[in-house]
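Notes to accompany the following structure.
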Amino acid sequence: MVTEPKGETEFRRRTSRRSRIIALLVSVILLGAIGLSVVDMVGQSDREEATVRGGTAYAATTARDFGYVPAQVRTPAGDPLRLTIRNQGAHTHTFTIDSLGVDVLIPAGTTRVVTLRVQRPGTYFFYCRFHQAFGMRGHIVASG
Ligand SMILES: [Cu+2]
């Protein structure tokens, strides 16, 4: 009959319990971090309503790693839209609208203002050239 030394068994048991506790803590922290960033992305308003002053519409959005927040901008058709895009991410992003010939590079930490001629009612799709595959896209909805 083989008996393990008592001390070693005790050590093994404690270590496995400790590693289980550490694994649990790590997963709780990871889930918390994921949850917080989701809340950060989703918790804010998912759409921006342009404000019209003196025949010009003004709106703002942020570019993040990797999405625009908010991703939908609503504006009246006909008025030029001055859209402020603040890059709060750690990467360079673009604000690109093929149908309007707009392609603006926004380095990390910088802000760009683009003036869009949204003449006709409709939906204008925008995206980041570098991170479109990551879901970095949105749209401008121009109402008539
Ligand atoms: Cu990007």
What about ALA63, is it exposed (fewer than 13 other Cβ atoms within 10 Å of the Cβ) and within 16 Å of the ligand (Cβ to nearest atom)? no
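Return yes when ARG14 is surrounded by 10 or more Cβ atoms within 10 Å (Cβ to Cβ) and modelled with pLDDT under 80 and no when it is not. Don't jump to the end; show me each part of the working.
Values: surrounded by 10 or more Cβ atoms within 10 Å (Cβ to Cβ): yes; modelled with pLDDT under 80: yes.
So ARG14 passes the test.
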So, PHE95, is that one at pLDDT 95 or above and surrounded by fewer than 19 Cβ atoms within 10 Å (Cβ to Cβ) or not? no
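The values are calculated or read from the model by the stated rules, or taken from the named source; none is laboratory data. Fair warning: this is a prediction, and the values are worked out from it, not measured in the lab. Cβ sites come from the backbone with ideal geometry, for glycine too, and all protein chains shown count toward neighbours.
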